[in-house]
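Engineer: This structure is in structure tokens; I'll ask about it shortly.
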Amino acid sequence: MRTVVAATVAACLLSAPARAQTCGAPDLLSAVPPDGATLVPTGAPVQAFYAAAAIYQSEPVLLDLPDGSEQALVGEFAAAEGRLTLTPPDPILPLAVYTVHWPELRGTTSGGKGLGKKVTFTTGAGPDVAPPSFAGATALAWDWVRENDDCTDKMEDRLAFDVSLAEASDDGGRDSLTLVLSQTQGPLLATGPRQIYIGSMPSAGKPAHASLAVDSAVGRICFAALVRDLTDKISGGGDREACAQTTRPPFFNGCAFAPAGRGGTGLLLGALGLLLVCRRRRHAR
Amino acid sequence: MTPGCAPTSETCNGVDDDCDGVVDNDIPPIPCPGGGFRYCVGGRMSDCPTRCAVCVPGGQRVCFISYCTYWGLQTCAADGQSWGYCVERRPVPSACAGVASDKKHSRETEQCCLDNGFCCLDEFDLNGNGDTSEMLGRCGDVLCVQ
């Protein structure tokens with residue numbers, strides 16, 4: 001019986017929860033296109049997404065050209081999305097290799113710089129002319145998470161969501177797509193759906209992750225997704241919602257198992273209780 | 001054309017208004033003032049994207065003013081997007097009262113602020129990074145409420 005309890009506790013501890021959104025550091029989170037991308041359309045800007053704390057003070061974005069020369073350029077920063085866009089002044093050549101050195105940015109409150117990134121990509125044969133094809137969110141799984149919030153250094157209960165996505169494609173290549181994930185139903189959505197993730201696409205077949213504070217994530221929760229290409233053309237699929245009914249996490253701060261009065265019944269009940277607490281991945285549509 | 005459907009212009013409402021078999025298609029994004037767009041998702045136009053707060057609502061940091069006690073406090077606004085005025089605080093915490101009195105509005109006063117575990121406005125660029133508007137010390141940092 002002790003083995004059952006130990007195994008249950010171990011399973012609980014090993015079921016690593018999704019990470020809550022980090023904050024503070026003004027790091028580059030993703031680049032579109034990502035490093036190693038191919039078939040990147042010509043004539044389109046390239047983009048990088050930084051953590052929300054980042055501020056852009058015209059730090060140069062270095063662009064290595066196919067002829068080996070380098071240009072120092074100034075990007076355009078959309079603070080609401082944390083999106084730094086680089087539009088090369090000269091036409092991007094087809095079937096050529098470029099490297100962008102995305103800068104390290106300062107943060108609104110942190111002293112040091114965050115992470116930048118070097119991204120090398122290969123262009124395709126031509127421009128992006130058609131909107132992307134995407135059928136939206138297809139399913140939703142959720143889980144309770146309790147972890148230390150780096151911002152406040154306090155334990156925080158959150159709900160982590162995995163949003164399954166339909167296949168996406170574009171004439172500029174899948175690597176050139178940006179995912180826009182929105183919470184469409186739930187508490188605290190007073191005025192409309194809220195965009196909770198804007199950034200590079202997850203790998204094909206992988207879900208998008210979202211972590212929400214409990215107060216905004218308990219009840220009937222829905223997400224919708226669409227994708228946009230480097231020229232800001234958007235896909236369909238935004239009408240398709242993936243939903244789940246969530247509940248508050250049953251976390252507790254500590255407990256002890258009293259010795260069972262009759263055989264191992266107490267231990268068995270304890271193990272069953274832990275199993276219930278540790279149940280993971282609740283799927284719903 | 002969907003049989004029995006009376007076509008109207010497509011709007012963001014979760015309905016196939018134009019009877020082409022697709023719900024809420026061809027609705028252009030609406031540009032937002034701070035960048036980004038509002039999109040039609042789930043039958044409604046989304047809010048504009050918003051960035052994280054710059055400080056924890058209600059949080060405080062020490063600032064330094066060049067009169068009176070040379071020591072003040074700023075409070076983070078309720079929306080977490082800005083700091084309020086630097087308001088004189090009296091008395092200065094005892095650990096820094098002597099420094100603030102002798103050195104007044106100075107690096108030493110800021111250093112004392114840091115050494116005593118406060119969240120301090122880095123007005124004198126003690127970390128040498130050229131930024132005199134950042135916070136140093138024990139600060140709550142940015143809070144991403146989502």
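The values are calculated or read from the model by the stated rules, or taken from the named source; none is laboratory data. Everything numeric here is computed off the predicted structure, so don't read it as measured data. Here Cβ is always computed from backbone atoms with ideal geometry, including for glycine, and neighbour counts include all displayed protein chains.
Engineer: Give, as residue ranges, the strands (runs of 3 or more DSSP E) completely inside segment A:39-158 that count at least 1 residues that are surrounded by 15 or more Cβ atoms within 10 Å (Cβ to Cβ), modelled with pLDDT of 95 or more and within 12 Å of another protein chain (Cβ to nearest Cβ).
Structural biologist: Details: elements: A:40-42, A:46-50, A:60-64, A:70-74, A:76-78, A:83-86, A:97-102, A:117-127, A:137-149.
Because the criterion is at least 1 residues that are surrounded by 15 or more Cβ atoms within 10 Å (Cβ to Cβ), modelled with pLDDT of 95 or more and within 12 Å of another protein chain (Cβ to nearest Cβ), the strands (runs of 3 or more DSSP E) in segment A:39-158 that meet it are A:46-50, A:83-86, A:137-149.
Engineer: Within segment B:79-96, identify whether any single residue is closer than 29 Å to A:Pro26 by Cα, within 14 Å of chain A (Cβ to nearest Cβ) and modelled with pLDDT of 85 or more, and answer yes or no.
Structural biologist: no
Engineer: OK, next. Among the residues in segment A:172-180, are any over 30 Å from A:Thr42 (Cβ atoms), touching a strand residue (DSSP E or B) at 6+ places or on another chain (Cβ under 9 Å), of a type outside the set (Gly, Ala, Ser) and within 12 Å of chain B (Cβ to nearest Cβ)? Walk me through how you get there before you give the answer.
Structural biologist: As a first pass, look at segment A:172-180 and keep what is over 30 Å from A:Thr42 (Cβ atoms): none.
Taking every residue of segment A:172-180 in turn, none turns out to be over 30 Å from A:Thr42 (Cβ atoms), touching a strand residue (DSSP E or B) at 6+ places or on another chain (Cβ under 9 Å), of a type outside the set (Gly, Ala, Ser) and within 12 Å of chain B (Cβ to nearest Cβ).
Engineer: Shifting gears a bit: May I ask you to list pairs of residues, at least six apart or on different chains, whose Cβ atoms are under 9 Å apart, with the first in segment B:7-25 being assigned to a loop (DSSP other than H, G, I, E, B) and the second being surrounded by fewer than 17 Cβ atoms within 10 Å (Cβ to Cβ) and among the acidic types (Asp, Glu)?
Structural biologist: B:Pro7/B:Asp20; B:Glu10/B:Asp20; B:Glu10/B:Asp26; B:Asp18/B:Asp26; B:Asp20/B:Asp26
Engineer: Follow-up. Restricting the search to segment B:54-68, which residues are within 13 Å of another protein chain (Cβ to nearest Cβ), surrounded by fewer than 19 Cβ atoms within 10 Å (Cβ to Cβ) and at pLDDT 70 or above?
Structural biologist: B:Gly58
Engineer: Here's a follow-up. Evaluate the following for B:Arg51: is it among the basic types (Lys, Arg), surrounded by 18 or more Cβ atoms within 10 Å (Cβ to Cβ) and modelled with pLDDT of 75 or more? Quick ask: steps written out before the conclusion?
Structural biologist: Details: among the basic types (Lys, Arg): yes; surrounded by 18 or more Cβ atoms within 10 Å (Cβ to Cβ): yes; modelled with pLDDT of 75 or more: no.
It is false that B:Arg51 is among the basic types (Lys, Arg), surrounded by 18 or more Cβ atoms within 10 Å (Cβ to Cβ) and modelled with pLDDT of 75 or more.
Engineer: Still on this structure, please answer the following. Kindly list, by first and then second residue, each pair from a residue in segment A:151-164 that is assigned by TED's automatic domain parsing to the domain that holds A:Leu181 to a residue that is of a type in the set (Val, Ile, Thr) and modelled with pLDDT of 90 or more, limited to pairs with Cβ atoms under 9 Å and residues at least 6 apart or on different chains.
Structural biologist: Filtered contacts from segment A:151-164: A:Leu159/A:Val218; A:Leu159/A:Ile221; A:Leu159/A:Thr246; A:Phe161/A:Ile221; A:Phe161/A:Thr246; A:Val163/A:Thr138; A:Ser164/A:Thr138.
Engineer: Considering every residue within segment B:28-42, establish whether at least one is facing chain A (nearest Cβ under 7 Å), part of a strand (DSSP E or B) and at pLDDT 90 or above. Show your work before the answer.
Structural biologist: To start, the set of residues in segment B:28-42 that are facing chain A (nearest Cβ under 7 Å) comprises B:29, B:32, B:34-36, B:39-42.
Okay, now just the ones that are also part of a strand (DSSP E or B), so B:40-41.
Keeping just the survivors that are at pLDDT 90 or above gives B:40-41.
Checking segment B:28-42: at least one residue is facing chain A (nearest Cβ under 7 Å), part of a strand (DSSP E or B) and at pLDDT 90 or above.
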